[in-house]
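**Q** Take a look at the following structure, please.
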Amino acid sequence: MFHKPLWASWTPVPGVARRSMNTILGRSYRPIIAMNPLISLRGSARLSTYKAALNHTSIRIARPAHLNPAILLSRAVHTNNMSFQIPKTQKAAVIVDKDAPIQVREDYPVIQPEQLAPGECLVKLECTGVCHTDLHAAKDDWPLYAIRPLIGGHEGVGTIVAIAANTPRSPVKLGDRVGIKWLADACGNCEQCRKGLEQSCSKAKYSGFNTDGTFSQYVKSWVAHVTPIPENLNSFEAASILCAGVTAYRAIKYCKLQSGDWIAIPGAGGGLGHLGVQYAKAQGLRVIAIDTGADKKELCLKLGADKWVDFKETKDIVKDIKDASGGLGPNAAIIVAANESAYTQAVDYLRAGGTLALVGLPNSKLGASIFFTVFKSITIIGSFVGNRQDAIEAVDIAAMGLVKCHYAQKPLSALKEVYEGLAEGKVVGRVVLGME
């Protein structure tokens, strides 16, 4: 006689060892066992976990369910004995059209849990950083255009308050504190994704560009791409690590430098640059900070920059940068500034065999000398934010205390004046907006 399988449902039990499937889920679960001869237990680790769980409960028959057990397990994990009240509306900063002013609305719709597709989650945001990329997207001054209406932002930190039904093997659960990055989602199957360039996936979703971003109290994201935030890392400090930190870290990482090498960072006093100074020092590099203004000079030197060059005060910036690195020039330069001249000068001051990493995104031509690029064996790379692993590494370094974001805290309603400060180059460090 054929028996339809009676799948086990799962409830949390304190004290049960985290082993086998429990380790994957990140917490302990007690099986309320459905007795059926077709169910087999494979592996001593799993069997021992079941035995341990049975010591804490009685056996009862579960109701038959003609569902995939992975789905049943997934649903139980996502409920996690935790519930959140999701409002219908929220505060959000919205740009309706290219030339329209920012509207901070109190009645913007919140996506509801039942509207989430498998793999998606809803995050209640505590804060979000503001990036120069957000200003580019708002002004549509790239050759690629953002959606309208647009909720910008891609440096958010908050709590997962909903996960879509039928989401299998979610790496996160309700109540987890996570970060929302520029790369919100990617297909995971194309050549770029398989090679670790998921940020260049042709089907990628970018927060605050082609999907709603973090200038709102709630945001939809994807469970596979949110970044867990370590407990010892403050949310406001973590926010800018998710974009500026990841971007600077990856650019330095792919320059493949050795301890003691020189690296030049044009734009060192800005939001991305001041993190670049710290990631470079954490890797044992010697840093030439290039920017302008007394406040930025003080910040860069405080963060460990070995040399300072003010591009407005210098009469020969190429010579000054070479002199700062012993006459030969730095081994690498990561250009985080959005100024075209910073890119054209780099080939001239880099030493032979140096690496030029393009990071900032001005909508202009490179304009570097082809002759000296070849003659000096210069390597030019484009470094576009980072993948999920880059993000985890960058966040972990910050959690170790080796990198600290210097930021000014403002409310979401101040976004317009923050954009004005970014456009004028007056923002020192980073600005992080609170949602409350």
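**Q** For Met400, Met435, Met82, give the ranking by accessible area with the largest first, probe 1.4 Å.
**A** Details: Met400 135, Met435 5, Met82 80 Å².
Most to least solvent-accessible, the answer reads Met400, Met82, Met435.
**Q** If you don't mind, another one. Can you tell me which aspartates and glutamates have their Cα less than 16 Å from the Cα of Lys181? Leave out same-chain residues fewer than eight positions away.
**A** Glu120, Glu126, Asp134, Glu155, Glu198, Asp212, Glu237, Asp390, Glu393, Asp396
**Q** Starting from the amide H of Trp222, placed 1.01 Å from N in the peptide plane, find each other amide H under 5 Å away whose residue is 5 or more places distant or on another chain.
**A** Residues meeting the criterion, in which the H sits 1.01 Å from N, are Cys121.
**Q** Mind jotting down the distance between the C-alpha centroids of region 372-436 and region 221-260, whole Å?
**A** Cα centres, region 221-260 to region 372-436: 9 Å.
**Q** Strictly over 28 Å apart at the Cα level, which of Lys139/Lys404; Lys297/Lys319; Lys404/Lys426; Lys98/Lys296 would you flag in this model? List each step's numbers first, then the result.
**A** Details: Lys139/Lys404 30 Å; Lys297/Lys319 19 Å; Lys404/Lys426 20 Å; Lys98/Lys296 31 Å.
Those over the limit are Lys139/Lys404; Lys98/Lys296.
**Q** Using only the Cα atoms of region 245-382, build the gyration tensor, take square roots of its eigenvalues as a ≥ b ≥ c, and label the shape rounded, prolate or oblate: rounded if a/c is under 1.5, else prolate if a/b is larger than b/c, else oblate.
**A** Working: a/c = 1.29, a/b = 1.22, b/c = 1.06.
It comes out rounded by the Cα gyration axes.
The values are calculated or read from the model by the stated rules, or taken from the named source; none is laboratory data. Just so we're clear, the structure is a prediction, and the values are computed from it rather than from any experiment. SASA here: full protein model, heavy atoms, side chains in, ligands and nucleic acids out. Shrake-Rupley method; radii C 1.70, N 1.55, O 1.52, S 1.80 Å.
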